[in-house]
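Everything on this sheet refers to the single structure shown next.
The values are calculated or read from the model by the stated rules, or taken from the named source; none is laboratory data. Source: prediction; values computed, not measured. Cβ sites come from the backbone with ideal geometry, for glycine too, and all protein chains shown count toward neighbours. The accessibility values were calculated without ligands, DNA or RNA, using every heavy atom of the protein model including side chains. Shrake-Rupley method; radii C 1.70, N 1.55, O 1.52, S 1.80 Å.
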Amino acid sequence: MENQYFGGFYSMHKLQLTMLPGEYWYGGHTNYGYLMPVNAKKVMQVDTTVVRSYGQANTLFVSNKGRVIWSEAGFKTRFVFGRITCTGSKAKIGLYQADDHTLRGAYHYAVDHFMPPDGTYPDELMFRIPQYCTWIQFEHNQTQQGIVDYAKSILDCGMPAGELIIDDGWQRSFGDWRFDPAKFADAKKMTDELHTLGFKVILWIAPFVSEQAADFQKLKDENLLVLDKNGRPARRKWWNGADYLLDFSNPAAQDWFFACTRYLTDELGIDGFKQDAGDAMYYRDDDRTYGGVDANSQSKLWALSARHYRFNELRACFQCGGMGVAQRLADKSHRWNFLGLGALLPNVLIQGLSGYPYCCPDMIGGGQINDFRGPAEKLDHELFARYCEASALMPMMQYSLNIWDLGKSRDPSHLPRNERLHAKYGDYIIACAKAASQTGAPMVRAMEYAYPHCGYGGITDQFLLGNRILVAPVLKKGQRRRKVCIPTGKWRLGDKIYSNEAVILPCPVDTLLYFERID
């Protein structure tokens, strides 16, 4: 499709335009969701030339006036008091206008033209039952007995068996994707036991290869690793040190990776993979690769490989809108502000408007490991409760720390209560996922998307699950009352019906305000 001109200056790699009155813009990068939407009063920059932030990115911005900015490659966008300037060196940047001059119209224009859904979605268990990740519980000290005990503790507190993710530390080394025998005496026995308890078993995995990996020399000799601009295997720093990277633009490297995972699935009964890392920031545009791809494309290729598994999870990807893979938000801090719970909902809203509907809103309580080192007394149980509530009516829930066992004197009833709420709407959540696989529609929807031009453009602290459930979680410490904007229609909360009004309602710690549309 040729790029079009709609009220802005267009050149091959530059686009300049002025915001329309009352216009809001959304998109670019999930991690910047807490700064969005952008209107004429804000200044911010989003640079996807090479994505250098954790999370999901796309070369897409959409506005509540039905306008769309799109490019086939990453670019830099500056919003300065109503002026938008997009510059890039890799591909044209286009401005388009949907016939429906709304946010929903803009988003579905992008779906139809640039990121059609692939017709798939993750395994239904991932939506229906909470997920349990062992990262915060054990960090790198993953062991066979510890994981089995963790699984049993979930069942002992009345929580259901679901997807159990064994995180970083199970493997011999990065790129040597076999269980460490010093920690796992009989990995097959462990997997069988977890299956008997009702769990699906997922393993953390990454595209890095250490020099200690059994196949390192083979991968090096066969040119299956990313090379730097000088033709040497590229050794890159990441949060686990400095290691080498598989070149996923090389089909032989993909074959090697899939052979590793096939051994784990076929021989040990592993059900799927949490594919971590793969961030574009660990690659370079001047790397020498088999396919001659740039940094963002390596990140995209890593993400595309997750489609091989029904149980999957990504935390980073580039330009993968419409792909049927679970996308977890980048790790949040154990805080209330924009580093933690305060960013949860706005970032999920941008996920949906970037083409990533199968969203998982990070581990309940946060996923930044440093926040959980030290005495349990420093943890904020009110924050855990509000995290649970905020996740309960999102597509997925994910626990990590065994908060069901922490502080027996504290009331842990919010755990099964919120799990039961999530299960109550399980069939509806699955229906939303199926619809997303066909239409691309977000599962978690911004108010402006669902009810355009009703004054909801700037609302990021409440959301709709599909078109039937309105959710208003508490995101501030100590808050016991909050304002909720109720759209048109008949919305039921308990025995009361609300319609087209703003109300202030009580919200004690054991209460999530949610409304079901009944008309």
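Can you report the number of residues in the stretch 290-310 which are under 20 Å from Ala91 (Cα atoms), open to solvent by 20 Å² or more (accessible area, probe 1.4 Å) and not basic (Lys, Arg)? Even if it seems obvious, please write down each step before you answer.
Restricting attention to the stretch 290-310, the residues satisfying the condition of being under 20 Å from Ala91 (Cα atoms) are 291-301.
Filter once more, so that each one left must be open to solvent by 20 Å² or more (accessible area, probe 1.4 Å): 291-294, 297, 300-301.
Narrowing the set further to residues that are not basic (Lys, Arg) leaves 291-294, 297, 301.
Residues that pass the stated criteria total 6.
If Gly8 satisfies all but one of (1) open to solvent by less than 10 Å² (accessible area, probe 1.4 Å); (2) at pLDDT 95 or above, what's the number of the condition it fails?
All conditions are met except number (2).
Matching residues to (1) acidic (Asp, Glu); (2) on the phi < 0 side of the Ramachandran plot; (3) in contact with a Phe, Trp or Tyr (Cβ under 6 Å, 6 or more places away or on another chain):
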residue	(1), (2), (3)
Lys220	no, yes, no
Lys237	no, yes, no
Ala242	no, yes, no
Pro251	no, yes, no
Cys260	no, yes, yes
Glu267	yes, yes, no
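Pairs under 8 Å by beta carbon, first residue open to solvent by 50 Å² or more (accessible area, probe 1.4 Å) in the stretch 363-388, partner of a type outside the set (D, E, K, R) and outside any helix (DSSP H, G or I), six or more apart or different chains?
Short answer, once both residue conditions are applied: Gln368/Ser333; Gln368/His334.
Mind listing whichever residues of the stretch 225-243 are without any contact (Cβ under 8 Å) to a residue 40 or more places away in the chain and surrounded by 21 or more Cβ atoms within 10 Å (Cβ to Cβ)?
Within the stretch 225-243, Leu225 is the sole residue that qualifies.
Which ones in the stretch 49-94 are basic (Lys, Arg), under 21 Å from Tyr356 (Cβ atoms) and over 22 Å from the mean Cα position of the chain (by Cα)?
Taking the stretch 49-94 and keeping what is basic (Lys, Arg), we get 52, 65, 67, 76, 78, 83, 90, 92.
Keeping just the survivors that are under 21 Å from Tyr356 (Cβ atoms) gives 52, 67.
Matches in the stretch 49-94: Arg67 only.
Restricting the search to the stretch 433-461, which residues are touching a residue at least 40 places away in the same chain (Cβ under 8 Å), part of a loop (DSSP other than H, G, I, E, B) and within 21 Å of the chain's Cα centre (by Cα)?
Residues of the stretch 433-461 that are touching a residue at least 40 places away in the same chain (Cβ under 8 Å), as a first pass: 433-434, 436-450, 452-453, 457-458, 460-461.
Next, only the ones that are part of a loop (DSSP other than H, G, I, E, B) stay: 440-443, 446, 452-453, 457-458, 460-461.
Scanning the stretch 433-461 gives Gly440, Ala441, Pro442, Met443, Ala446, Thr460, Asp461.
Quick one: what pairs do we get from the stretch 128-141, first residue without any contact (Cβ under 8 Å) to a residue 60 or more places away in the chain and closer than 15 Å to Gly365 by Cβ, second among the polar types (S, T, N, Q) and open to solvent by 40 Å² or more (accessible area, probe 1.4 Å), C-beta under 6 Å, 6+ apart or different chains?
none
Could you list all residues from the stretch 292-328 that are under 14 Å from the mean Cα position of the chain (by Cα) and in a helix (DSSP H, G or I)?
From the stretch 292-328, those under 14 Å from the mean Cα position of the chain (by Cα) are 303, 306, 312-328; that's our starting set.
Selection gives Ala303, Ala306.
Can you tell me which residue in the stretch 196-224 is surrounded by the fewest Cβ atoms within 10 Å (Cβ to Cβ), limited to those that are in a strand (DSSP E or B) and out of contact with any Leu (no Cβ under 8 Å at 6 or more places or on another chain)? Steps first, please.
If we filter the stretch 196-224 for residues that are in a strand (DSSP E or B), which is where we start, we get 200-205, 208-209.
With the extra rule that they be out of contact with any Leu (no Cβ under 8 Å at 6 or more places or on another chain), the set shrinks to 204-205.
Numbers: Trp204: 21, Ile205: 26.
Looking at residues that are in a strand (DSSP E or B) and out of contact with any Leu (no Cβ under 8 Å at 6 or more places or on another chain), I get Trp204.
All but one of (1) modelled with pLDDT under 95; (2) in contact with a helix residue (DSSP H, G or I) (Cβ under 8 Å, 6 or more places away or on another chain) hold for Asp215; which doesn't?
Result: Asp215 fails condition (1) only.
Is it fair to say Glu516 is acidic (Asp, Glu) and open to solvent by 30 Å² or more (accessible area, probe 1.4 Å)? Talk me through it step by step, then tell me what you get.
Working: acidic (Asp, Glu): yes; open to solvent by 30 Å² or more (accessible area, probe 1.4 Å): yes.
Here the answer is yes, as Glu516 does meet what is asked.
Give all pairs with beta carbons closer than 7 Å in which a residue from the stretch 465-491 that is more than 16 Å from Ile504 (Cα to Cα) and open to solvent by less than 10 Å² (accessible area, probe 1.4 Å) meets a residue that is in a strand (DSSP E or B) and of a type in the set (Val, Ile, Thr); count only pairs at least 6 apart in sequence or on separate chains.
Qualifying pairs under 7 Å: Leu465/Val444; Leu465/Val471.
If Glu448 passes every condition in (1) open to solvent by 10 Å² or more (accessible area, probe 1.4 Å); (2) charged (D, E, K, R); (3) at pLDDT 95 or above but one, which one does it miss?
Evaluating Glu448 over (1) open to solvent by 10 Å² or more (accessible area, probe 1.4 Å); (2) charged (D, E, K, R); (3) at pLDDT 95 or above leaves (1) as the failure.
What do you reckon, is His334 buried (at least 21 other Cβ atoms within 10 Å of the Cβ) and not polar (S, T, N, Q)?
Numbers: buried (at least 21 other Cβ atoms within 10 Å of the Cβ): yes; not polar (S, T, N, Q): yes.
It is true that His334 is buried (at least 21 other Cβ atoms within 10 Å of the Cβ) and not polar (S, T, N, Q).
Quick check, is Phe258 open to solvent by less than 50 Å² (accessible area, probe 1.4 Å) and part of a loop (DSSP other than H, G, I, E, B)?
Working: open to solvent by less than 50 Å² (accessible area, probe 1.4 Å): yes; part of a loop (DSSP other than H, G, I, E, B): no.
Here the answer is no, as Phe258 does not meet what is asked.
Would you mind finding the one in Leu406, Leu401, Leu344, Leu421 that is farther than 24 Å from Pro37 by Cα and either part of a helix (DSSP H, G or I) or of a type in the set (Gly, Ala, Ser) (or both)? Steps first, please.
Working: Leu406 fails: either part of a helix (DSSP H, G or I) or of a type in the set (Gly, Ala, Ser) (or both); Leu401 fails: either part of a helix (DSSP H, G or I) or of a type in the set (Gly, Ala, Ser) (or both); Leu344 fails: farther than 24 Å from Pro37 by Cα.
Exactly one of Leu406, Leu401, Leu344, Leu421 is farther than 24 Å from Pro37 by Cα and either part of a helix (DSSP H, G or I) or of a type in the set (Gly, Ala, Ser) (or both), namely Leu421.
Residues Gly272, Gly321: which one is touching a residue at least 24 places away in the same chain (Cβ under 8 Å) and under 30 Å from Pro233 (Cα atoms)?
Details: Gly321 fails: under 30 Å from Pro233 (Cα atoms).
Result: Gly272 is the single residue among Gly272, Gly321 that is touching a residue at least 24 places away in the same chain (Cβ under 8 Å) and under 30 Å from Pro233 (Cα atoms).
I need a count of the residues in the stretch 64-113 that are crowded, with 19+ Cβ neighbours inside 10 Å, in a loop (DSSP other than H, G, I, E, B) and among the aromatic types (Phe, Trp, Tyr).
Qualifying residue count, the stretch 64-113: 1.
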